[in-house]
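The structure under discussion appears below in the form of structure tokens.
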Amino acid sequence: MTSPYGLHRVLEPAGVLPQQAHRLDATPVCGPDEVLVDVSRLNLDAASYRQLREEHGVAGVRRAVLDIVAARGKMQNPVTGSGGMLLGVVREVGPASPLGLRPGDRIATLVSLTLTPLRITDGLAAWDGADEQVPCEGTAVLFGRSIAAVLPDDLPEQLALSVLDVCGAPALTDRVVRRRAAPSVLVLGGGGKSGSLSLAAARRAGASRLVALVPTGREAAAVRASGLADTVVVADARDPLAVAAAVGDPVDVTVVCVDVPGCEHGAILATADGGTVVFFSMATSFPAAALGAEGLAADVEMLVGNGYVPGHAAFALDLLRGEPAVRALFEHRQTQQA
């Protein structure tokens, strides 16, 4: 009997959800409520990719990913705990699947690779390890409670995948900003994928002042040219005092979209009492955030961006289509990586 949560795919330890499992059954046989996907590309979570590249180097990151997937039946970085998402073509749909997909649909999964049964069959031969988008041949399995989006016809595949990878961030930013009357908003990592989308979402939601914090002058120049933020500042997000000094007056909402650990205290210091900090980075230490706020006597609400808000995929794609500056930053990033 299959479970909509994928419990039947858990090999060890028994009784846990797929995300907590050490190993999944990735056998490419479609259950009654499952969807079998022929994978064409993985998009590794930014924090996971950075950690793997720093530990193994570009030359060794391919083997590291292959070893993780072979051992676990899924892509879940043992250090960061994060995975990413994938792109592929639906091969088979079980008769009881509620996802509304059809064989031949080109899809991006909107659930993490940390809970998605995955097999890689080409040894990642077409990937040089130089960025987080991974050309790949293999299979994946979606459960009854998984989420996937059919890729739009009007956007290049890699561009759509980049947006869908982070689509939870702008949707939740929109929700949080709309709760307040014309709040000031800071985005740590405002030049990245989730950061640029979050800036655009905050502007649409009525933010009165937008501050983007980025790590380098080169990135600052790109964000200034885009016009997505009213103020662009350069600081190391891991240095709390530098962040607070760069931002100046504390903001009402801070959105953390960085892929390095150690940014919790800077985000808290930059946020006014009664304000909200939204953590989207998988590099976040939630004990550090909670204990840091306590130690700083900071009266801030802290939210975990869980990557899912109803309608988040359509919302993010609409931002990309409607905000030329956002699309330009995404395309510039892809050009640099190429």
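The values are calculated or read from the model by the stated rules, or taken from the named source; none is laboratory data. Since the model is a prediction, treat every value here as computed from it, not as a measurement. Every residue, glycine as well, gets a Cβ built from its backbone with ideal geometry; the counts of neighbours run over all protein chains shown. To get the accessible areas, we keep the full protein, side chains included, count just its heavy atoms, and leave off ligands, DNA and RNA. Shrake-Rupley method; radii C 1.70, N 1.55, O 1.52, S 1.80 Å.
Report, in deg cm²/dmol and to the nearest 500, the calculated mean residue ellipticity at 222 nm for the chain, where each DSSP H run with n ≥ 4 adds -39500 (n - 2.57) and the sum is divided by the residue count.
Details: 10 runs with 118 residues, N = 338.
Helix contribution divided over all residues of the chain: -11000 deg cm²/dmol.
Report the local net charge at Gly84: Lys and Arg +1, Asp and Glu -1, summed over other residues whose C-beta lies under 13 Å from its C-beta.
That works out to -1.
More than 18 Å apart: what percent of Cα pairs in region 129-201 qualify? Walk me through the intermediate numbers first.
On the way: 1483 of 2628 pairs.
Pairs farther apart than 18 Å: 56 percent.
If you take every DSSP beta bridge whose two residues both sit in the chain, what share of them, in percent to the nearest 5, is antiparallel? Each step should come with its number before you reach the end.
Details: 28 of 50 bridges.
Of those bridges, close to 55 percent are antiparallel.
Let me know the volume per residue of the alpha-carbon convex hull for the chain, in Å³. All intermediate terms of the calculation are to be shown ahead of the outcome.
Details: hull volume 43.6 nm³, N = 338.
Enclosed volume per residue, from the Cα hull, is 129 Å³.
Using the Cα centre of region 1-116 as the reference point, and only Cβ charges (+1 on K/R, -1 on D/E), how large is the resulting charge dipole? Debye, rounded to the nearest 20. Intermediate results must be reported in sequence, preceding the final value.
Details: 12 positive and 11 negative charges, 55 e Å.
Using only the charged Cβ atoms, the result is roughly 260 debye.
Taking the Cα centre of the chain as origin and charging only Cβ (+1 Lys, Arg; -1 Asp, Glu), how large is the dipole, in debye to the nearest 20?
Working: 28 positive and 36 negative charges, 67 e Å.
Dipole magnitude for the chain comes out near 320 debye.
Evaluate Rg over Rh across region 139-254, taking Cα atoms for both radii and Kirkwood's formula for Rh. Spell out each step's value before the answer.
Values: Rg = 16.1 Å, Rh = 15.4 Å.
On the Cα set of region 139-254, Rg over Rh gives 1.04.
Take the solvent-accessible surface of the protein heavy atoms, probe 1.4 Å, and return the percent of it on the chain that carbon and sulfur atoms account for.
Numbers: 7300 of 13870 Å².
Its accessible area is 53 percent carbon and sulfur atoms.
Just the accessible area per residue of region 169-220, please: how many Å² with a 1.4 Å probe?
Working: 1630 Å² over 52 residues.
That works out to 31 Å² for each residue.
Would you mind working out the accessible area per residue for region 237-338, using a 1.4 Å probe, and quoting it in Å²?
Working: 4640 Å² over 102 residues.
In whole numbers, region 237-338 has 45 Å² accessible per residue.
Using a 1.4 angstrom probe, figure out how much accessible area region 1-153 has per residue, in square angstrom, rounded to the nearest whole.
Working: 6450 Å² over 153 residues.
Accessible area per residue: 42 Å².
Grab the Cα-Cα distance for Arg91 and Arg175, subtract it from 0.36 nm times how many residues apart they are, and report the gain in nm with one decimal. Intermediate values should be presented prior to the final figure.
On the way: separation 84, 0.36 × 84 = 30.24 nm, distance 3.56 nm.
Here the segment from Arg91 to Arg175 would lengthen by 26.7 nm.
May I ask you to compute the full-extension gain from Leu17 to Asp230, defined as 0.36 nm times their residue separation minus their alpha-carbon distance, rounded to one decimal in nm?
Working: separation 213, 0.36 × 213 = 76.68 nm, distance 4.35 nm.
Working it through step by step, the gained length comes to 72.3 nm.
Can you tell me the relative contact order of region 108-225? Whole percent, Cα pairs under 8 Å, sequence separation 6 or more.
On the way: 147 pairs, mean separation 24.1, N = 118.
The normalised contact order for region 108-225 reaches 20 percent.
Using the crude model of +1 on Lys and Arg Cβ and -1 on Asp and Glu Cβ, and no other charge, please compute the dipole size for region 258-338 relative to its Cα centre, in debye to 20. Display every interim value, and only then the final one.
On the way: 3 positive and 9 negative charges, 79 e Å.
So the magnitude is around 380 debye.
Between Arg106 and Asp153, what length in nm is gained on full extension when 0.36 nm per residue of separation is reduced by their alpha carbon distance? Numbers along the way, then the final one.
Details: separation 47, 0.36 × 47 = 16.92 nm, distance 0.96 nm.
The span from Arg106 to Asp153 would gain 16.0 nm if fully extended.
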